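Only one structure is covered here, and it is reproduced in the block below.
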Amino acid sequence: SAQIILPVTPDAVQRQELTRLNLSLASWGCPNDPRAFMQAFDAALQDESRDVQALKEWGACTEKWVLAGDLLLDSIQAFITSGSMASLGREELGRVWGEISTVVFKVQYVMAAVEVRLDGLPTSLM
């Protein structure tokens, strides 16, 4: 899963928070390869589509997963705005920001793609 590489820093709080964010990313299932993730998602959607009840349940679980992604993004935003990265040097800050941006893009990409797929299902199934 996609991870934020921890900076070299003596700031224990910063490392702890980034470690917590990485655990959240792994638990949520943030993909390293959004395209491969969506291919697997499409295959699962096709499999679940064979049974209306299974598709309803799968769709409800998938909606919950998307909502959890929103909370994950909120956690990342809270970390960024907390000032926790203020102790990083210019170069290290740029590297961490780049990694966070990449992870956020991947989360938003798969969330949006999943929402598009779910929105394409008949409303009676959701």
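The values are calculated or read from the model by the stated rules, or taken from the named source; none is laboratory data. Computed from a prediction, not measured in an experiment: that's the story for all the values here. Ideal geometry is used to build each Cβ from the backbone, glycine not excepted, and the neighbour counts take in all protein chains shown. Surface areas here come from the heavy atoms of the whole protein model, side chains and all, with no ligands, DNA or RNA. Shrake-Rupley method; radii C 1.70, N 1.55, O 1.52, S 1.80 Å.
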Looking at ALA86, ALA26, can you tell me which residue is without any contact (Cβ under 8 Å) to a residue 40 or more places away in the chain and open to solvent by less than 80 Å² (accessible area, probe 1.4 Å)? ALA26
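Conditions (1) within 20 Å of VAL110 (Cα to Cα); (2) touching a Leu at 6+ places or on another chain (Cβ under 7 Å); (3) hydroxyl-bearing (Ser, Thr, Tyr), marked per residue:
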position	(1), (2), (3)
ALA2	yes, yes, no
ASP11	no, no, no
LEU18	no, yes, no
SER24	yes, yes, yes
PRO34	yes, no, no
GLY59	yes, yes, no
ILE76	yes, yes, no
Here are some conditions: (1) open to solvent by 80 Å² or more (accessible area, probe 1.4 Å); (2) under 25 Å from LEU88 (Cα atoms); (3) aliphatic (A, V, I, L, M). LEU67 meets all but one. Which one does it not meet? (2)
Counting only residues that are more than 18 Å from TRP28 (Cβ to Cβ) and assigned to a helix (DSSP H, G or I), how many does the range 81-126 have? 19
Of all residues being hydroxyl-bearing (Ser, Thr, Tyr) and either modelled with pLDDT under 90 or in contact with a helix residue (DSSP H, G or I) (Cβ under 8 Å, 6 or more places away or on another chain) (or both) in the range 1-23, which is surrounded by the fewest Cβ atoms within 10 Å (Cβ to Cβ)? Just the residue, please. SER1
Of a type outside the set (Gly, Ala, Ser), over 20 Å from TYR109 (Cβ atoms) and loosely packed, with under 12 Cβ neighbours inside 10 Å: does that describe GLN46? yes
Single condition GLU63 does not satisfy, out of (1) over 17 Å from ILE4 (Cα atoms); (2) without any contact (Cβ under 8 Å) to a residue 60 or more places away in the chain: (2)
